[in-house]
Structure formats: C-alpha cells, structure tokens
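In what follows, a structure is listed as structure tokens, so that the remarks can point back to it.
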Ligand SMILES: *[C@@H]1O[C@H](CO)[C@@H](O)[C@H](O)[C@H]1NC(C)=O
Ligand SMILES: *[C@@H]1O[C@H](CO)[C@@H](O)[C@H](O)[C@H]1NC(C)=O
Ligand SMILES: *[C@@H]1O[C@H](CO)[C@@H](O)[C@H](O)[C@H]1NC(C)=O
C-alpha cells in the first residue's frame, strides 16, 4: 500500500530535478548577461573623482607626514627615498587623505590605506595595494585596488578588485594621473574611480 502511494512521487522526481537544473542554469545565464551588458555598454554605474595626497616622512615633517618608508635595499639612506636605481626595492606604508579638490585643505572624503613599492630599476614604477575607506553621507564603504602604477605614463589604470558597504562586491577601474610632485616627499594624484558592477 505504501509503496504504491510512493510510486507516483518517484515519477515526479525527474521533473523536479529538471526544474532545479533549469532554475540554476537560468540564474547563471542571467548573471552572465548582466556582466556582458555592463561590459558592452562601457558606461560605469558609479564614478567618483578625488585627489590622494602622499607626504613621505623625512625627519622634518613629523606633524603632517602620511607615509613612511618601511623597507630599503642595503645601499639606501635611512628615511629618504633613494634615487639610485629609481628607488627600486623601497617599500612605503601609507594612510593618505582623499580630498574632493586639489588642495590638501579641501573637504576630506576618506583615507587610502595601503602600501606601495618601487619595482623597476630603470624608470619610476610602483606597485600599489590599497583600500579606499570613504566615510561621507553619500559614500560609506571601502573600495580595494591592486596593481602596477607606471609613473612615467600620463594616465594609468588600476583594477578595482572589490568593496564593502556602499561598494559591496564592486568591480571597476581607477584611472590615475599624477597631479603634482614636490621634491621626493610629496605627491598628489588624481583618481577617477569608475565602477562597472554595482549592487
Ligand atoms: C608639511 O609640514 C612641513 C613641515 O612643517 C612643511 O614644510 C610642508 O610644507 C608641509 N607640507 C604640506 C603639503 O602641507
Ligand atoms: C566617519 O564619519 C563619522 C561622521 O562624520 C565619524 O564620526 C567617524 O569617526 C568617521 N569614521 C572614520 C573611520 O573615519
Ligand atoms: C557609515 O556606516 C557605518 C556602519 O554602518 C556607520 O557606523 C557610520 O556612522 C556611517 N558613516 C557615515 C558618515 O554615515
């Protein structure tokens, strides 16, 4: 009796699993389509522009420095960026302000936390790993970036590899332009963040 009652249910099983397969496939197809649309139209879902100020510690700027050399090759001078081999091998840790305007005194949007190192012996070239922590009523969250920053090129693109808060799971590109360099202890870059995946 029980076996007989069970059999129609068993007959339904393939149908149920096909529905599940269809559902899963449908979801992934929708995901792919979303990504393709985002890529195809090449129009960001969010753009943010700001300036990043990096003031390297040099023993005279104890009050306002925002970055510090943490590793140097054996030939280097302590606390000074060595121009020998274009700084090759130096590593800097930073907590830099991000402002809406060029001026260091303009409104702060957040901070850039991370490190960079000089990775070329023949030209100035950096590799960055950093998180932009934005803390305003409009933007509240973090954006993580990682990649090479070839200083000799006028504009450089760095991948946005993720985010949190308002930037949950985001992806995109940050275009970087050197805005100013003073001596070897201050630089300012303009960062154009273009996000292509927003949730
Ligand atoms: C940082 O402070 C030093 C020493 O007080 C000063 O000479 C320098 O102009 C300051 N830099 C900036 C960008 O404000
Ligand atoms: C973020 O902004 C709020 C409000 O201005 C402030 O109270 C808080 O300390 C800030 N947090 C960070 C991590 O800067
Ligand atoms: C950003 O979000 C955090 C966590 O939700 C909150 O504590 C903080 O006050 C927010 N900051 C601003 C400036 O709204």
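The values are calculated or read from the model by the stated rules, or taken from the named source; none is laboratory data. A quick note: this is a predicted structure, and the numbers were derived from the prediction, not measured. Using ideal geometry, Cβ is built from the backbone for each residue, glycine included, and neighbour counts are taken over all protein chains shown.
Condition (residue is within 17 Å of residue 56 (Cα to Cα), touching a residue at least 40 places away in the same chain (Cβ under 8 Å), in contact with a strand residue (DSSP E or B) (Cβ under 8 Å, 6 or more places away or on another chain) and more than 16 Å from ligand 2 (Cβ to nearest atom)) applied to region 111-129: is it met by at least one residue? Yes, region 111-129 contains a residue that is within 17 Å of residue 56 (Cα to Cα), touching a residue at least 40 places away in the same chain (Cβ under 8 Å), in contact with a strand residue (DSSP E or B) (Cβ under 8 Å, 6 or more places away or on another chain) and more than 16 Å from ligand 2 (Cβ to nearest atom). The residues of region 130-140 that are in contact (Cβ under 8 Å) with a residue 40 or more places away in the chain and part of a loop (DSSP other than H, G, I, E, B) amount to a single one, 139.
Only residues that are out of contact with any strand residue (DSSP E or B) (no Cβ under 7 Å at 6 or more places or on another chain) and away from ligand 1 (no atom under 15 Å from the Cβ) were counted in region 81-110, giving 4. For region 80-105, the set of residues classified as within 16 Å of ligand 2 (Cβ to nearest atom) and either in contact (Cβ under 8 Å) with a residue 60 or more places away in the chain or more than 16 Å from the chain's Cα centre (by Cα) (or both) consists of 98, 99, 100, listed by residue number. Apart from one condition, residue 138 fits all of (1) over 20 Å from the mean Cα position of the chain (by Cα); (2) surrounded by fewer than 17 Cβ atoms within 10 Å (Cβ to Cβ); (3) at pLDDT below 95; the exception is (1). Residues in region 157-199 that are under 25 Å from residue 81 (Cβ atoms) and within 16 Å of ligand 2 (Cβ to nearest atom): 0 in all.
Taking residue 125, is it in contact with a helix residue (DSSP H, G or I) (Cβ under 8 Å, 6 or more places away or on another chain) and more than 16 Å from ligand 3 (Cβ to nearest atom)? Spelling it out, residue 125 is indeed in contact with a helix residue (DSSP H, G or I) (Cβ under 8 Å, 6 or more places away or on another chain) and more than 16 Å from ligand 3 (Cβ to nearest atom).
Does at least one position in region 107-122 carry a residue that is surrounded by fewer than 14 Cβ atoms within 10 Å (Cβ to Cβ), touching a helix residue (DSSP H, G or I) at 6+ places or on another chain (Cβ under 6 Å) and not in a strand (DSSP E or B)? Can you show your working first?
Here is the first cut: in region 107-122, the residues surrounded by fewer than 14 Cβ atoms within 10 Å (Cβ to Cβ) are 107, 121-122.
Checking which are touching a helix residue (DSSP H, G or I) at 6+ places or on another chain (Cβ under 6 Å) leaves us with 121.
If we keep only those that are not in a strand (DSSP E or B) as well, we get 121.
Yes, that holds for at least one residue.
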